[in-house]
Amino acid sequence: MESVQTLDHPLIQHKLTLLRDRTTGTKEFRMLVEEVSMLMAYEITRLMPLREVEIETPITKTKGYLIAGKKMSLVPILRAGLGMVDGMLSILPAAKVGHIGLYRDPKTLKPVEYYSKMPQDLPEREVIVLDPMLATGGSVCQAIHMLKGWGAEQIKFVCLLAAPEGLERLHKEHPEIMVYTAAIDERLNEKSYIVPGLGDAGDRLFGTK
Ligand code: PRP
Ligand code: URA
């Protein structure tokens, strides 16, 4: 699929393997999600547009380049998306942060909305939606639907793990959305958990269950 990019930097893959390991505890899991998110932010900003500027160094006048284009907004899907915010902000410190609260009902698997708060100038910003897990795709499709309703036009999605089923659904419902993931896993199990996956990302991040 053209609209999916797997970020296979060795550091991302190394840390992802530690995240998958069931013996990795909450403190380390949280730190790893932050570190992987920072590395992913670095990778997805490679193609950012630049503008030429003239500056003076202490020695002479010269030309340089500064970031151009739209300002950014990060939008984590609560709860698990919160774990990715600080890592992303370490590369994109000026980004504003909106929040969308959704949880997947364990019986119906449908996303249930409970909170949202966006920056006022959202339509003028490029939006990066954050959620470690793309499973059935219900949550991210709903989040993107909401963002489009609020006027967002340029939207990307960054996750740690994607299931083929979720990618297919996202591509069908929102074909223009570019997805960046650290890995595409095999499938969903009977409870719609990603296999091999890393378990419940929110519970592992926050130490709940
Ligand atoms: C998880 C995950 C995604 C969603 C993915 O959240 O963080 O938001 O499930 O599943 P889907 O693609 O099938 O919708 P969860 O509902 O467990 O909530 P939490 O982040 O509060 O733990
Ligand atoms: N949500 C998770 O946290 N993990 C999965 O594998 C699927 C949905």
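The values are calculated or read from the model by the stated rules, or taken from the named source; none is laboratory data. This one's a predicted model, so the numbers in the text were calculated from it and none came from an experiment. Here the Cβ is made from the backbone with ideal geometry for all residues, glycine too, and neighbour counts use every protein chain on show. Heads up: the accessible areas ignore ligands, DNA and RNA and are worked out on the full protein's heavy atoms, side chains in. Shrake-Rupley method; radii C 1.70, N 1.55, O 1.52, S 1.80 Å.
For Lys71, the residues whose modelled amide H falls within less than 5 Å of its own, excluding neighbours fewer than 5 places apart on the same chain, are Glu126. Highest average first, the peptides 13-24, 83-94 ordered by how many other beta carbon atoms sit within 10 Å of their residues are 83-94, 13-24. Candidate cross-link partners of Lys107 among the lysines, defined by an alpha-carbon separation under 25 Å and a same-chain spacing of 8 or more, comprise Lys172, Lys191, Lys209. Amide H to amide H, which residues 5 or more places from Leu78 or on other chains are under 5 Å from it, using H placed in the peptide plane? Answer set, sorted by chain and number: Ile100, Gly101, Leu102. By accessible area, using a 1.4 Å probe on protein heavy atoms only, the chain has 53% of its surface on carbon and sulfur.
Below 8 Å between Cα atoms, with a sequence gap of 6+, how large is the relative contact order for region 4-206 in percent? Kindly include the intermediate steps, with their values, before the conclusion.
Details: 386 pairs, mean separation 44.5, N = 203.
Relative contact order for region 4-206 comes out at 22 percent.
In the context of the full set of protein chains, residues of region 4-206 present 53 Å² of accessible surface per residue (probe radius 1.4 Å, heavy atoms only). Placing unit charges on the Cβ atoms only, positive for Lys and Arg and negative for Asp and Glu, gives the chain a dipole magnitude near 380 debye about its Cα centre.
Only helices reaching 18 angstrom along their own axis (Cα) with mean Kyte-Doolittle hydropathy no lower than 0.0 count here, and for the DSSP H runs of the chain these are 26-44. If you average the C-alpha positions of region 57-108 and of region 164-196 separately, how far apart do those two centres end up, in angstrom? Region 57-108 and region 164-196 have Cα centres spaced 22 Å from each other.
When a/c reaches 1.5 or more, the comparison of a/b and b/c decides; with that in mind, is the chain rounded, prolate or oblate per its Cα gyration tensor?
On the way: a/c = 1.93, a/b = 1.50, b/c = 1.29.
Prolate shape, in that a/c is at least 1.5 and a/b is the bigger ratio.
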